[in-house]
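Comments concern the structure below.
Readers should treat all values here as calculations from the given coordinates under stated rules, not as data from a laboratory. Because the structure is predicted, anything quoted here is derived from the model rather than measured. Cβ coordinates were reconstructed from backbone atoms using ideal geometry, including for glycine residues, and neighbour counts include every protein chain displayed.
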Number of protein chains: 2
Amino acid sequence: MSEIAEIIIKMEITALERWNNGDPSGFLEISDKDVVYFDPMTELRIDGLESLTELYENIRGKIFVEKHKMLNPKVQSLDRMAVLTYNLESYVENKVVKWNCTEVYQRQSDEKWKIIQTHWSLTNAVKEL
Amino acid sequence: MSEIAEIIIKMEITALERWNNGDPSGFLEISDKDVVYFDPMTELRIDGLESLTELYENIRGKIFVEKHKMLNPKVQSLDRMAVLTYNLESYVENKVVKWNCTEVYQRQSDEKWKIIQTHWSLTNAVKEL
């Protein structure tokens, strides 16, 4: 695995572990001010860290995931951008919720990586439209 | 709008218009051989153009969208990568299906842009988990 892939996956897992304990700040702290965001509850794409913070503050302390499995993470990187994709299984009260996830990270001028795009969706949300 | 944004959005609309007429080749022709792909029907991320072609050949000639509205397309670009996000309304038989879409395009050595990541999901697939 490339050095960039290792860095990106480690950042994502660290944020996920905080998320699973009700703390959305792990993701907020590594999201760019111009981040764009989709999840299966939003009516439209959410633009900007301020709007994402507002969304996440509403669920702070409300989401607890007992364990998760990140399946087959892949990082496609070029220059200062890296695309992380993976499937995720979240275990909550003996139920498993399955996710598709795409994160786009960008390396800032201070060499730190920040998320500029997040897309969460439910795996197999429909069998047929 | 930047020149890159114009190019990317035009490519996407051209592929969408073919898609709406049952022809998935518009997307296949502009997807990289190492493309990764999510949609709400897949069980896991699909890796590679060969697997995506197999998926799309099964639905060739079966999907017809009467009209679509691409809402608020945004392109975040840096060097040789560009992230296109938008919401899409697809009108089929007096029904509207709403989508979230993230495409990551990469500029190849021949200066042509190719999709390296596609993520389709249904907007507002769940009100609450």
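Computed values, structure above
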quantity: Helix-derived mean residue ellipticity, 222 nm - over chain B, DSSP H n ≥ 4, -39500 (n - 2.57), to 500; calculated: -7000 deg cm²/dmol
quantity: Extension reserve of the residue B:13-residue B:97 stretch, reckoned as 0.36 nm per residue once the Cα distance is removed; calculated: 28.5 nm
quantity: Of all chain B residues, the one whose C-beta is nearest the axis that brings B onto A, in angstrom; calculated: B:121, 2
quantity: Candidates A:28, A:44, A:16: whichever shows maximal mean-square fluctuation once chain A is modelled as a Gaussian network with Cα springs under 10 Å; calculated: A:44
quantity: Cα centroid separation, region B:93-129 to region A:12-48 (Å); calculated: 18 Å
quantity: Label spacing, shortest first and in nm, from residue A:61 to its equivalents in the remaining copies (7 angstrom along Cα→Cβ); calculated: 6.0
quantity: Candidates B:90, B:51, B:109: whichever shows maximal mean-square fluctuation once chain B is modelled as a Gaussian network with Cα springs under 10 Å; calculated: B:109
quantity: Global geometry of region A:3-122, whether rounded, prolate or oblate, following the gyration tensor of its Cα atoms and the 1.5 cut on a/c; calculated: oblate
quantity: Value of relative contact order over region B:3-121, rounded to a whole percent, pairs C-alpha under 8 Å and six or more apart; calculated: 25 percent
quantity: Crossing angle, helix A:3-19 versus chain A [Cα axis fit, 0-90 degrees, rounded to tens]; calculated: 40 degrees
quantity: Shortest-first distances to equivalent copies, position residue A:93, nm, label 7 Å out along Cβ; calculated: 3.6
quantity: GNM result for chain B, Cα springs below 10 Å: residue of B:115, B:30, B:59 fluctuating most strongly; calculated: B:59
